[in-house]
1. Please go through (1) in a strand (DSSP E or B); (2) surrounded by fewer than 16 Cβ atoms within 10 Å (Cβ to Cβ) for residue 270 and return the number of the only condition it doesn't satisfy.
2. Tell me yes or no: at least one residue of segment 212-221 is touching a helix residue (DSSP H, G or I) at 6+ places or on another chain (Cβ under 8 Å), assigned to a loop (DSSP other than H, G, I, E, B) and over 21 Å from residue 173 (Cβ atoms).
3. Kindly evaluate residue 300 against the criterion of being part of a strand (DSSP E or B), more than 19 Å from residue 112 (Cβ to Cβ) and at pLDDT below 90.
4. Please state which one of 251, 245 is touching a strand residue (DSSP E or B) at 6+ places or on another chain (Cβ under 7 Å) and either surrounded by fewer than 15 Cβ atoms within 10 Å (Cβ to Cβ) or assigned to a helix (DSSP H, G or I) (or both).
5. Would you be able to tell me the number of residues in segment 273-297 that are over 12 Å from the mean Cα position of the chain (by Cα) and part of a strand (DSSP E or B)?
6. Does residue 231 satisfy being touching a strand residue (DSSP E or B) at 6+ places or on another chain (Cβ under 9 Å), assigned by TED's automatic domain parsing to the domain that holds residue 275 and either closer than 30 Å to residue 115 by Cα or surrounded by fewer than 13 Cβ atoms within 10 Å (Cβ to Cβ) (or both)?
């Protein structure tokens, strides 16, 4: 009998197949990672992980191959357990652990993806085992963060941002600015009638609003972290001594109800804040690991 495994799931396709009552095929990624003993469900979790989603929740029959959709932190627990026994692994390879890290980051930053735990051995999400509680997890994360950004750790952690949104903004401008300008000029040449002028102004106003929101998000985002604090893209510098709290603004996946982070705000006592936007950060897992260990209040708010 095969051991349990993990697969990346496209939630958009899963929604389509569930809506049409089709077999779940296209939603599953091609790569399947089989787990060593230390990554098995009962070795990592002592009860069903909070906010995970089972096939029963999705109106799928209870049969061999029962699966559980996991959040990024659940995948992180499996990865940690496997890495703690890296020299004892016989099935899961180091390369596959790196792949799991990528899946974990993707599921955290993009609500269109989750990771499925597949119970190939039978059983299901009620199996018992052992797992650290939430407080222990937070304490462990804090210890790791201290080694990264504390007095004895890394002096600086860059937040690596993707240029994808910037390129899309330029492409949008190349379409909307000429379109709006042509319609506006044509309207003016015909006597400045209100209707053509409004039609011409609309694309320009919309693009201006999008560009303003993009710039606002960029300048308020974190550029890098250091021992002393953090620096935003607009050059603003904020000391850890003035740290107030960290707020995760979350949204819900309409299919599974699972939460995903839309924006993380690191707030300071002077009323200022610095943002982290998961979809724009290529090393979000590394950055977020630092943020969850910051010694302050951590809150979650529906966006």
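1. Result: residue 270 fails condition (1) only.
2. No, segment 212-221 has no match at all.
3. Working: part of a strand (DSSP E or B): yes; more than 19 Å from residue 112 (Cβ to Cβ): yes; at pLDDT below 90: yes.
Considered against the rule, which asks whether it is part of a strand (DSSP E or B), more than 19 Å from residue 112 (Cβ to Cβ) and at pLDDT below 90, residue 300 comes out as yes.
4. Values: 245 fails: either surrounded by fewer than 15 Cβ atoms within 10 Å (Cβ to Cβ) or assigned to a helix (DSSP H, G or I) (or both).
Selected residue: 251, the only one of 251, 245 that is touching a strand residue (DSSP E or B) at 6+ places or on another chain (Cβ under 7 Å) and either surrounded by fewer than 15 Cβ atoms within 10 Å (Cβ to Cβ) or assigned to a helix (DSSP H, G or I) (or both).
5. 4
6. The answer is no for residue 231.
The values are calculated or read from the model by the stated rules, or taken from the named source; none is laboratory data. Since we're looking at a predicted model, the values are computed, not measured. Cβ atoms come from the backbone with ideal geometry, glycine included; neighbour counts cover every protein chain shown.
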